[in-house]
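A.B. asks: I am attaching a structure below and will ask some questions about it afterwards.
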Amino acid sequence: MSHLRAAALAAAALLCCSHGVPAAEKRPYAIAIHGGAGVISRENMTPESEAAYRSATQGLMVDDRDPAAHWAMGRALWLRGRHDESAAELEQAIALSPNFALAHYNLAFVHATLGDPQAALAPSDYSRDLSPFDPMLFAMLAVRALALTRLGRYEEALEWARRAAARPNAFPHIQVIAALAHALAGALDEARAYAAAVRRTAPGYRLEDFLAAFQFGAAEAARFREGARRIGLA
């Protein structure tokens, strides 16, 4: 019974920070929800992330050996900006359930954004091996593209970003990753095409939304700003 209760609380943590994409004019893209169903806005970050954290905490109190509870805590901690602790919780989820594809993906995401990008590659690949038809495949591909971009391997990043953007459920963040990867690799015509696609589907989207969503440090933000400058992505 405790395991079922923990699983329910882990699911609650997911629901607390998973929303459909609001209207573009509200500029909803400030904070990404990775492994969830969409994005939440910056103005809603605090109550939503706090609710996710509370639910994940309760799940761990019920059953601290439930991998889903550790996964939910890892995601909640990332939203709170506690990246090292987030990675540790995700590693614990994997230790408890080695075939937990979304835990591998989320660990890759944490490393790809602010951790060691080299360390993001293996869990990214393994998540796709475990769940090759996962609804989150676009994100699993995109996180590898982000890691490769941070490593300066732009030609490789371009290919992975292209695959991510081709997925039918890829949302604007993924299209922007593709645009910036192509721009940094020097493929400017393709980069502009991706940027134009974002403007069509999300007219209110701004580069600052992308940078805030992934919580990049100053050096990485500067890298992506340079890519955006090359293609006029404001």
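A short reminder: the numbers here are calculations on the coordinates, not readings from a lab. Quick caveat, the model's predicted, so the values are computed rather than measured. Glycine gets a Cβ as well: all are built from the backbone with ideal geometry, and neighbour counts include every protein chain shown.
A.B. asks: Could you give me the ³J(HN,Hα) list for segment 128-138, computed from phi with Karplus coefficients 6.51, -1.76, 1.60 and θ = phi - 60°, whole Hz, x at Gly and Pro?
C.D. replies: Whole-Hz 3J(HN,Hα) from phi for segment 128-138: 6, 4, 6, 9, x, 10, 5, x, 8, 4, 4.
A.B. asks: Taking the Cα centre of each part, how many Å lie between segment 134-151 and segment 206-224?
C.D. replies: Each part's Cα centre sits 16 Å from the other's.
A.B. asks: While we're here: Just want the answer: with Cβ charges of +1 for Lys and Arg and -1 for Asp and Glu, which residue in His173, Phe224, Trp160 is farthest toward the dipole's positive end in segment 137-234?
C.D. replies: The listed residue farthest towards the positive side: His173.
A.B. asks: Also, I was wondering about something else. When the dipole is taken about the Cα centre of segment 137-234, and only Lys, Arg (+1) and Asp, Glu (-1) are charged at their Cβ, what size is it in debye, to the nearest 20?
C.D. replies: Details: 14 positive and 9 negative charges, 24 e Å.
Value, rounded to 20: 120 debye.
A.B. asks: Dipole of segment 108-232 (Lys/Arg Cβ +1, Asp/Glu Cβ -1, origin at the Cα centre): which of Met136, Ala183, Thr113 lies farthest to the positive side?
C.D. replies: Final value for the positive-end residue is Ala183.
A.B. asks: Under the 0.36 nm per residue contour assumption, what length would be gained going from the current alpha-carbon distance of Asp116 and Thr57 to full extension?
C.D. replies: So the extension gain works out to 18.6 nm.
A.B. asks: Which value, in Å³ per residue, describes the convex hull spanned by the Cα atoms of segment 87-234?
C.D. replies: Cα-based convex hull of segment 87-234, divided per residue, equals 95 Å³.
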